[in-house]
Amino acid sequence: MTLSATYSVKEIANWILDYADELGEPVSNMALNKLVYFAYEHALTSYGRKLTEAKIEAWDHGPVFREVYSSFKQFGAEPITDRAKKYNTRTDSVETVHPDLAPDDEEIIMEAVASMIRLPAFILREISHDARGPWSKVWNHTGSSNPGMEITDDLILSSLPTSRLSR
């Protein structure tokens, strides 16, 4: 049984972008999606903690959160220089999503991404393509591939553990 969180995936993405800025590390959309995924995977497999309810999809370049991809697709492969936004119905305006994460969850995310945040996107992509991992199990199934295929919690939990933190 896992504990559910109330964070939007945009909060997590913006937190990681803020952390990367503190370190002076540029992050592209592809790298950000992988870092959010690795944080999610780490929280789930190491702590039984579910950071977000957002769907994880298996795309050609690895695990993707559609909301994160869409928020930053205008940057292409260039470093992200903005933050994810949301529409506020009360104020009828678009505003930046401000991360409001519990300190324990910030620590979990930092554990997951600290050793990876300096890696280029293509290396993060390669790590996410581990043949024993959830992305590969979804993407390389015996049927035709579909970019909307879901990487479920059960699949993440049942996949062979990979030592991402030691990279």
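Working only within segment 33-66, note down all residues that are among the aliphatic types (A, V, I, L, M), in contact with a Phe, Trp or Tyr (Cβ under 7 Å, 6 or more places away or on another chain) and over 17 Å from Pro99 (Cβ atoms).
Going residue by residue through segment 33-66, those that are among the aliphatic types (A, V, I, L, M) are 35-36, 39, 43-44, 51, 54, 56, 58, 64.
Subset that is in contact with a Phe, Trp or Tyr (Cβ under 7 Å, 6 or more places away or on another chain): 36, 51, 54, 56, 58.
Of everything in segment 33-66, those that are among the aliphatic types (A, V, I, L, M), in contact with a Phe, Trp or Tyr (Cβ under 7 Å, 6 or more places away or on another chain) and over 17 Å from Pro99 (Cβ atoms) turn out to be Ile56, Ala58.
Of all residues in segment 97-129, which are of a type in the set (Val, Ile, Thr), closer than 12 Å to Ala39 by Cβ and touching a Ser or Thr at 6+ places or on another chain (Cβ under 9 Å)?
Residues of segment 97-129 of a type in the set (Val, Ile, Thr): 97, 108-109, 113, 117, 123, 127.
If we keep only those that are closer than 12 Å to Ala39 by Cβ too, we end up with 108-109, 113, 117.
Hit for segment 97-129 is Ile108, nothing else.
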Residue under evaluation Ile123, criteria (1) of a type in the set (A, V, I, L, M); (2) under 14 Å from Ser28 (Cβ atoms); (3) in contact (Cβ under 8 Å) with a residue 60 or more places away in the chain, criterion not met: (3)
If we keep just the residues of segment 116-138 that are modelled with pLDDT of 95 or more and assigned to a loop (DSSP other than H, G, I, E, B), which is farthest from His42 (Cα to Cα)? Pro120
Assuming Thr91 fulfils every condition listed in (1) closer than 17 Å to Asp154 by Cα; (2) assigned to a loop (DSSP other than H, G, I, E, B); (3) modelled with pLDDT under 95 apart from one, which condition is it? (1)
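On the basis of being part of a loop (DSSP other than H, G, I, E, B), modelled with pLDDT of 90 or more and surrounded by fewer than 16 Cβ atoms within 10 Å (Cβ to Cβ), does Ser163 make the cut? If you could, list the steps in order and put the result at the bottom.
Numbers: part of a loop (DSSP other than H, G, I, E, B): yes; modelled with pLDDT of 90 or more: no; surrounded by fewer than 16 Cβ atoms within 10 Å (Cβ to Cβ): yes.
No, not satisfied.
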Cβ-Cβ under 6 Å pairs, at least 6 apart or on other chains, segment 29-47 side closer than 15 Å to Val68 by Cβ and in contact (Cβ under 8 Å) with a residue 40 or more places away in the chain, far side among the acidic types (Asp, Glu) and crowded, with 24+ Cβ neighbours inside 10 Å: none
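How many of the residues making up segment 86-102 are among the acidic types (Asp, Glu) and over 12 Å from Lys10 (Cβ atoms)?
Step one: of segment 86-102, the residues among the acidic types (Asp, Glu) are 92, 95, 100.
Filter again for over 12 Å from Lys10 (Cβ atoms), leaving 92.
Number of matching residues: 1.
Residues that are hydroxyl-bearing (Ser, Thr, Tyr), surrounded by 21 or more Cβ atoms within 10 Å (Cβ to Cβ) and touching an Asp or Glu at 6+ places or on another chain (Cβ under 9 Å): does segment 41-58 have at least one?
Step one: of segment 41-58, the residues hydroxyl-bearing (Ser, Thr, Tyr) are 45-47, 52.
Next cut, surrounded by 21 or more Cβ atoms within 10 Å (Cβ to Cβ) only: 52.
Next, only the ones that are touching an Asp or Glu at 6+ places or on another chain (Cβ under 9 Å) stay: 52.
Yes, segment 41-58 has at least one match.
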Take the residues in segment 18-73 that are of a type in the set (Lys, Arg) and in a helix (DSSP H, G or I), then tell me which one is farthest from the chain's Cα centre (by Cα). Lys73
Candidate set from segment 72-119 (those that are more than 22 Å from Leu23 (Cα to Cα) and touching a residue at least 12 places away in the same chain (Cβ under 8 Å)); member that is surrounded by the fewest Cβ atoms within 10 Å (Cβ to Cβ): Lys73
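The values are calculated or read from the model by the stated rules, or taken from the named source; none is laboratory data. Everything numeric in this text was worked out from a predicted model, so none of it was measured. When we count neighbours, we look across all protein chains shown, and the Cβ atoms used for this are built from the backbone with ideal geometry, even at glycine.
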